[in-house]
Amino acid sequence: MAKMTLEELRKLREEKQEALEKRSIEGKDFRIIIGMGTCGIAAGAKETLSTFLSVLDEEKIKHVAITQTGCMGLCYVEPTVEVILPDMPPVIYGKVDADVARKIVKEHILGKRLVTDHMFDRPAADIIKQDGGR
């Protein structure tokens, strides 16, 4: 194995620190929690996680923490993703593939509107306002 230069080591450290920062919940009130139980992984949760990370990078969104959890109990609609934003009810989305992940970032995270066609565990109707939950 070839030796790394000091500059290469610094670059590698910076890349790893950036990756860890995306997973940190400290100081972030926006969260995306991806179900990574066996059923979720089998249904494509790793691709879903990668897509969320890529889209947040593309949009230069740094105030959202992405974390993983085990099975959310909705195995029939895996991959599942819970989104928690301030001033909006927590929502669990199901059947979240790459396209739906992009839609969640654009509509829910940036637009503050619920993506109703993929909601599987939703808040009670009396707390959802007509403007999408705000």
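Read-outs throughout are calculated quantities, based only on the coordinates presented, and are distinct from any laboratory measurement. Because the structure is predicted, anything quoted here is derived from the model rather than measured. FYI the Cβ positions are ideal-geometry reconstructions off the backbone, even for glycines, and counts take in every protein chain you see.
Any chance you could run the full-extension gain for I61 through R113? It's 0.36 nm times the residue separation minus the Cα-Cα distance, nm to one decimal.
Here the segment from I61 to R113 would lengthen by 17.0 nm.
With a point put 7 Å past each Cα toward its Cβ, work out how far L53 is from F120 in nm, to one decimal.
In this crude spin-label approximation the distance works out to 2.3 nm.
Can you work out the FRET efficiency for the pair M4 and C75, with r the C-beta to C-beta distance and R0 = 41 Å, to the nearest 0.05?
Efficiency for this residue pair is about 0.40.
Set the Förster distance to 35 Å, then compute FRET efficiency between Q17 and A98 from the Cβ-Cβ distance, nearest 0.05.
Here the calculated transfer efficiency is 0.85.
Check cross-link reach from K112 to the lysines: straight Cα distance under 19 Å, and skip same-chain residues fewer than eight apart.
Excluding near neighbours in sequence, the set is K28, K60, K62, K103, K129.
I need the peptides 113-119, 12-18 ranked by packing, meaning the mean over residues of other C-beta atoms within 10 angstrom, with the highest value on top.
113-119, 12-18
Rounded to the nearest 5, what is the percent of antiparallel bridges among the DSSP beta bridges in region 26-120?
Of those bridges, close to 55 percent are antiparallel.
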